[in-house]
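First up is the structure itself, then whatever we jot down about it.
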Amino acid sequence: MVERLTCQHFFSVLPTSAPQTAVAELVKGLPWIFSGESVHLKCSVPGNVSAEWRYRWFRGGEQLQESEYFVLWKARPQQSGKYYCQGLRTTWINTQHTLHSLPIEIEVDGGWAILQAPPLPMLVGETMTLTCRVRNNPKLTEVILYKDGVELQIQRGPELRVTNLTLQHHGSYWCRASWDGRRETNSVISVAAPVSIIEVLTEPMLEIVPNDPLIHKDRMLLVCHVQLNARQPVPHIHYYFYQDGLSLGPASSQDKVTVLRDSGQYWCKASVPTLGLKRLSEPLGYGRVTALQLPRPPPLSSLLSPLPFPMQPVILQTHCPVMLLFQMMGQWCGGTSFEQYQINVHYHYQFHN
């Protein structure tokens, strides 16, 4: 008996692939423009240059037109919004649709001044350039940059630079621009532009998973959560794990490790050698954790020559890394490294005359 293979059977066994995602890009103009200016957008499907794709453009939930390029010509403020696109093509089987692209937000300003700020978050340590644009591009005599209501810079040109960014530079910025008219001085203020500053390497956070079904019941999983915000090419992260100040193994490119289920204090460290960055997580206890017993330090008289005034050592707190007032006390610590012995005693000495 021969079974007849119908078209329905044939199509049911065809492999299905994940839908692709369209890409919308700004090819001409700026994301924040004055009314009357223009913006050019383009839609594409990566890796399908020869395929016969058509493209649909949307703003919000409204479909605008079907074309590869979308031009916002002599824009009006009410045309501000988030623009995105979708690719579609018809095959001999069906019509395929891509996923919607990420949106491009276009802001059309009807005022006189715009502070052009980076659309993406800036990284700590970078230099940020802000541009105070004025309608019709008059010759400016003074430009003042403000952050959260505080004056930061005064200069004559439209470009303002903020170097060596820190997290404290995060906030709202605006500018005041002035120029000479025929009989008077004109001055305009831009609306506030948000600026986001993020760390290159965030503080790691350790997660302990004691009951992972994929590992043996006498073991547990340590996961080091961290985010690296670096420009291309993105460097590699090296991960280290510790228990009670002792290393649990060499550096690894994996952000997780399985260890014996044991009570103690656990840490993880993320390191990016190419950028010279290292960050340590907060300690996380598992099981019954007892206080770490540190050896008693030798008396100061055995380390120092007599001084003309008495000294009294005072133990303030246990922290890491080792910070001692006198380098000779490193002999008491046994010369151990930060990775091998993370909890040590800070010593502060009170001098009395």
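The values are calculated or read from the model by the stated rules, or taken from the named source; none is laboratory data. Quantities reported herein were computed from a predicted structural model and do not represent experimental measurements. Quick reminder, even Gly has a Cβ in these numbers, built from the backbone with ideal geometry, and neighbours come from all protein chains shown. Note: accessible area is taken over every heavy atom of the protein model, side chains too, but ligands, DNA and RNA are not part of it. Shrake-Rupley method; radii C 1.70, N 1.55, O 1.52, S 1.80 Å.
Mind giving me the nanometre distance, one decimal, between the label points for residue 54 and residue 256, set 7 Å out from Cα along Cα→Cβ?
Each label point is offset 7 Å from its Cα along the Cβ direction, giving 4.5 nm.
Just by accessible area at a 1.4 angstrom probe, what is the order of 128, 122 from largest to smallest? Each step should come with its number before you reach the end.
Values: 128 0, 122 25 Å².
Ranked list, largest accessible area first: 122, 128.
With a 1.4 Å probe and all protein chains left in place, how much of the accessible area of region 131-287 comes from carbon and sulfur atoms, in whole percent?
Working: 4650 of 9250 Å².
Its accessible area is 50 percent carbon and sulfur atoms.
Enumerate by residue number the GluC sites (Glu not before Pro) in region 146-235 meeting two conditions: DSSP loop (anything except H, G, I, E, B), and at most 12 other Cβ atoms within 10 Å of the site's Cβ.
Those that pass, being in a loop and sparsely packed, are 184.
If you average the C-alpha positions of region 49-90 and of region 146-163 separately, how far apart do those two centres end up, in angstrom?
When both Cα centres are located, 36 Å separates them.
Set the Förster distance to 41 Å, then compute FRET efficiency between residue 230 and residue 185 from the Cβ-Cβ distance, nearest 0.05.
0.35
Roughly how many nanometres apart are two label points built 7 Å out from the Cα toward the Cβ at residue 21 and residue 148?
Distance between label points: 3.3 nm.
Put 202, 274, 127 in order of accessible area, largest first, 1.4 Å probe: what do you get? Provide the component values of the computation, followed by the final result.
Values: 202 35, 274 110, 127 60 Å².
So, going from the largest accessible area down, we get 274, 127, 202.
I'd like to check one number: the per residue accessible area of region 75-179, probe 1.4 Å, reported in Å² as a whole number.
54
Which value, in Å² and to the nearest 10, is the accessible area of residue 236 when all protein chains are kept and the probe is 1.4 Å?
Rounded to the nearest 10, the figure is 150 Å².
Restrict the search to region 156-196; then list the trypsin sites (Lys or Arg not before Pro) that DSSP places in a loop and that have at most 12 other Cβ atoms within 10 Å of their Cβ.
156, 182, 183
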